[in-house]
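The values are calculated or read from the model by the stated rules, or taken from the named source; none is laboratory data. What you are looking at is a predicted structure, and each value in this text was computed from that prediction instead of being measured. Neighbour counts run over all protein chains shown; Cβ positions are idealised from the backbone, glycine included. Accessible surface areas use protein heavy atoms only, side chains included; no ligands, DNA or RNA. Shrake-Rupley method; radii C 1.70, N 1.55, O 1.52, S 1.80 Å.
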Amino acid sequence: MNRPMRLVSKLEPTEICSEIGLHNRCFLCDLSGDPLRDFDAISLTGFYPRGAKLFVEGQRPKGVFILCGGRAKLSISSSSGRSLMRVAEQGEILGLSATLSGSPYENSAEMLESGQVNFIRRDHFLHLVNNWPEASLRVARHLSHAYMDVHEQMRALVLSDSAAEKMARLLLSWLKKTGIHTERGVHLKISLTQGEIAQMIGVSRETVTRLLGELRDKGIIQLKGSNLLIKNKDALEEMVNP
């Protein structure tokens, strides 16, 4: 069974909030007073390289992992070898539902980019939410947002009429989250492979290659390496059913 990798000699307590920019802080970093001090005291920090596995699907939950730097790939797999994934952004807490319920991790988490990750053991985390109502409320809110995100992904996968619509929905969601507006269009930095993009929208890698080529030929996007420029946002939106 895979165990979390770390490239530090020893895991030590860290003051998490001082390490992360305000925009990317996790939902527990704004705790106040004693709850925040307890949160910092039980958090252990490590540096994880790209490709390091934080936990694997079906593994007994050891605790939660906070992405203080980099991004991670969350994936689920079927017995036939098919998989579905989403990208967890900096500031997210991974393994939360399994840690709370005691059920096995429902997905696998692998680093897409190198970065700092803070770990909180399950017993320590449960003690935190059991003893501080403020922390418990924030956990409930986070789970609510995660539930909404799952619904949005299901909407894109199940209710889209075509693979082209799935791709359009994905690009528009990236545009909304991380797009940088320029005079030429909206710039996106894509660190995923075409195979990983295919896992996100439930199609084959060959289909992703074809769809990106069609969007490029129509002048809707421009793609060079990991740099993607959305030149015609309106055309993408017209591909999506309301």
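Overall dimensions of region 40-103, expressed as equivalent-ellipsoid semi-axes from the Cα gyration tensor (√(5λ), whole Å, largest first), are 21, 16, 10. The C-alpha atoms of the chain define a longest principal axis, and helix 33-42 lies at about 80 degrees to it. Computed from Cα atoms, the angle from the helix 133-158 axis to the main principal axis of the chain rounds to 20 degrees.
At 1.4 Å probe size, with every protein chain present, just tell me what the per residue accessible area of the chain comes to in Å².
Solvent-accessible surface per residue comes out at 55 Å².
Highest mean packing comes first when the peptides 158-166, 66-74 are listed by Cβ atoms within 10 Å, giving 66-74, 158-166. Checking the Cα-Cα distances for K62/K166; K53/K218; K166/K231; K73/K233 against a 29 Å cut-off, the pairs over it are K62/K166; K53/K218.
Once the Kirkwood radius over Cα pairs is known for the chain, the Stokes-Einstein relation at 10 °C and 1.306 mPa s delivers a diffusion coefficient of 82 µm²/s. Highest mean packing comes first when the peptides 86-96, 176-186 are listed by Cβ atoms within 10 Å, giving 86-96, 176-186.
Using a probe radius of 1.4 angstrom, the carbon and sulfur fraction of the accessible surface of region 145-202 is 59%. Put the Cα centre of region 94-130 next to the Cα centre of region 170-200 and the gap is 27 Å.
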